[in-house]
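Peer 1: Let me give you the structure first, and then I'll get to my questions.
No value in this document is a laboratory result; all are computed from the given coordinates. The structure displayed is predicted, hence computed values, not measured ones. Because the Cβ atoms are built from the backbone with ideal geometry, glycine has one as well, and the counts that use them run over all protein chains shown.
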2 protein chains.
Amino acid sequence: MTISARVHYATLALIELALRQSEKTPVAVREITRRHGIPGPFLVQILRTLRSAGWVQSVRGSQGGYRLAVEPADLTLLEIAEAVGCAESNCQTDATDTPANRMVHEIWDAASEASRAVLARTTLAEIADRTAQDDAVMFYI
Amino acid sequence: MTISARVHYATLALIELALRQSEKTPVAVREITRRHGIPGPFLVQILRTLRSAGWVQSVRGSQGGYRLAVEPADLTLLEIAEAVGCAESNCQTDATDTPANRMVHEIWDAASEASRAVLARTTLAEIADRTAQDDAVMFYI
DNA sequence: TCATACTTGACTAATCGGATCAACTTTCTA
DNA sequence: TAGAAAGTTGATCCGATTAGTCAAGTATGA
């Protein structure tokens, strides 16, 4: 469960889309990259993945952009991380299959499971809401 | 907290040394590599790190080898992972510092902390003991 | 004195994550 | 109906990290 830049950017983009769900026109890639400082073509690549996961819709042509296609409350950070991140194969070695080897692997698995549990119980809706609150405070100041 | 082969091998080696603490002569590298299927020169490299951490002692010359230099109950898997593994810098990006960015980073930190907690509460003594039991069962069969 | 075993430092090969580019298609708008 | 604005796709590149190797040297027991 290594959190790569890819996963981080994907999450930021989804938050942005979640916060602007009510807008009529879709959100252009350039707006997202500008607001969050994400390298442009890289975000495009990430959005492609999000689209094939069915979480965003794209609208082509002028005035085009991206729109969230799911309920933010239904999407967990674990799902995002697993869909966007690469293979999360934990610790592949050629070590002999011994009791010690199995025992140690159990611990790595338990550690991995612990962090996955944290991500699994956090939804996009939660962080979007909390972000919105912070944004409001910033605006007020 | 990615578990690399390096960390895995280090842990296996330390278990082996822990189980053979009572032996008169130190344990040769070759014995460890054979029993656990660890690439020879690679293990040497790892043992160097363990030695500079002060966890193992080396004995040179004929009949030489390695010996555990600490109480297995005092060594946690987290310490091993952090000493042997490389930089565990979680998610470095150039993303703009926004509420969303901070919020998301908090979650990654929480996830990382959860897995570290698991490793922090597991000691070398525990896994060595449990391994010894499994070994005994295998021998009995 | 020789075989055994650790020491050290440099070196290589493969993989992966991050990032970029160019050529193309779609759609709006003037 | 032309052109500008946007997304689409596939290929590609680069640098860092990891896994793993090698060779020359040193210490020690038999």
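Peer 1: Please list the non-local residues whose amide H lies under 5 Å from the amide H of residue B:75, H modeled 1.01 Å from N, same-chain partners needing a gap of 5 or more.
Peer 2: Excluding prolines and chain starts, which carry no amide H, the hits are B:124, B:125.
Peer 1: Hey, another quick one. Take A:31, B:16 and order them by how many other Cβ atoms sit within 10 Å, fewest up front.
Peer 2: Least crowded to most crowded, the residues run A:31, B:16.
Peer 1: Something else about it: If amide hydrogens are placed 1.01 Å from N in the peptide plane, which non-local residues have theirs closer than 5 Å to the one on residue A:69?
Peer 2: Amide H neighbours of residue A:69: A:56, A:57.
Peer 1: Label-to-label distances across copies for residue B:83, with labels 7 Å out along Cα→Cβ, in nm, shortest first?
Peer 2: Reported distances to equivalent positions: 4.2 nm.
Peer 1: Considering the dipole of region A:16-134 built from charges on the beta carbon (Lys and Arg +1, Asp and Glu -1) around the Cα centre, which of A:90, A:103, A:133 is farthest to its positive end?
Peer 2: A:133
Peer 1: Something else now. When the chain is fully extended, how far beyond the present Cα-Cα distance does residue A:106 get from residue A:31, taking 0.36 nm per residue of separation?
Peer 2: 22.6 nm
Peer 1: Oh, and also: Report ³J(HN,Hα) in whole Hz for each residue of region A:39-56, in order, from the Karplus equation J = 6.51 cos²θ - 1.76 cosθ + 1.60 where θ = phi - 60°; Gly and Pro get x.
Peer 2: Taking θ as phi minus 60°, the curve returns x, x, x, 5, 5, 4, 4, 5, 4, 4, 5, 5, 6, 5, 7, x, 8, 10 Hz for region A:39-56.
Peer 1: Which whole-Hz couplings ³J(HN,Hα) result when phi for each residue of region B:73-82 is put into the Karplus expression 6.51 cos²θ - 1.76 cosθ + 1.60, θ = phi - 60°, listed in order with x for Gly and Pro?
Peer 2: My calculation for region B:73-82 gives 6, 8, 10, 9, 5, 5, 4, 4, 4, 6 Hz in order.
Peer 1: Charges at C-beta only: +1 for Lys and Arg, -1 for Asp and Glu. How large is the resulting dipole of region B:18-141 about its Cα centre, in Debye rounded to 20?
Peer 2: 840
Peer 1: Now a separate question. Report ³J(HN,Hα) in whole Hz for each residue of region B:94-101, in order, from the Karplus equation J = 6.51 cos²θ - 1.76 cosθ + 1.60 where θ = phi - 60°; Gly and Pro get x.
Peer 2: With the stated coefficients, region B:94-101 comes to 9, 4, 5, 7, 10, x, 4, 4 Hz.
Peer 1: A follow-up question, please. What trypsin sites (Lys or Arg not before Pro) in region B:1-77 are in a loop by DSSP, with at most 12 other Cβ atoms within 10 Å of the Cβ?
Peer 2: B:24, B:60
Peer 1: Oh, and also: Output, in nm with one decimal and in ascending order, the distances from the residue A:31 label point to the matching label points of the other copies (7 Å from Cα along Cα-to-Cβ).
Peer 2: Its label point is 6.9 nm from the equivalent points in the other copies.
Peer 1: Hey, what angle do you get for helix A:124-140 against the long axis of chain A, alpha-carbon based, 0 to 90 degrees rounded to 10?
Peer 2: 50
Peer 1: Taking 7 Å along the Cα-to-C-beta vector as the label spot, tell me the residue B:126-residue A:134 distance in nanometres, rounded to one decimal.
Peer 2: Those two pseudo-labels are separated by 3.3 nm.
Peer 1: With each run of n ≥ 4 DSSP H residues scored as -39500 (n - 2.57), what mean residue ellipticity at 222 nm is computed for the protein assembly as shown after dividing by its residue count and rounding to the nearest 500 deg cm²/dmol?
Peer 2: -19000 deg cm²/dmol
Peer 1: Quick check: pseudo-label points 7 Å beyond the Cα along Cα→Cβ at residue B:69 and residue B:113, how many nm apart are they?
Peer 2: Output for this residue pair reads 3.4 nm.
Peer 1: While we're on this one: Amide H to amide H, which residues 5 or more places from residue A:37 or on other chains are under 5 Å from it, using H placed in the peptide plane?
Peer 2: For residue A:37, the qualifying residues are B:96.
Peer 1: With charges set only on the Cβ (+1 for Lys and Arg, -1 for Asp and Glu), what does the dipole of the protein assembly as shown come to about its Cα centre, in debye to the nearest 20?
Peer 2: 900
Peer 1: What is the magnitude of the charge dipole of region A:1-75 about its Cα centre, with +1 placed on the Cβ of each Lys and Arg, -1 on the Cβ of each Asp and Glu, and no other charges, expressed in debye to the nearest 20?
Peer 2: 280
Peer 1: Tally Lys/Arg at +1 and Asp/Glu at -1 over every other residue whose Cβ is under 13 Å from the Cβ of residue A:122; what's the total?
Peer 2: Counting the neighbours of residue A:122, the net charge comes to -3.
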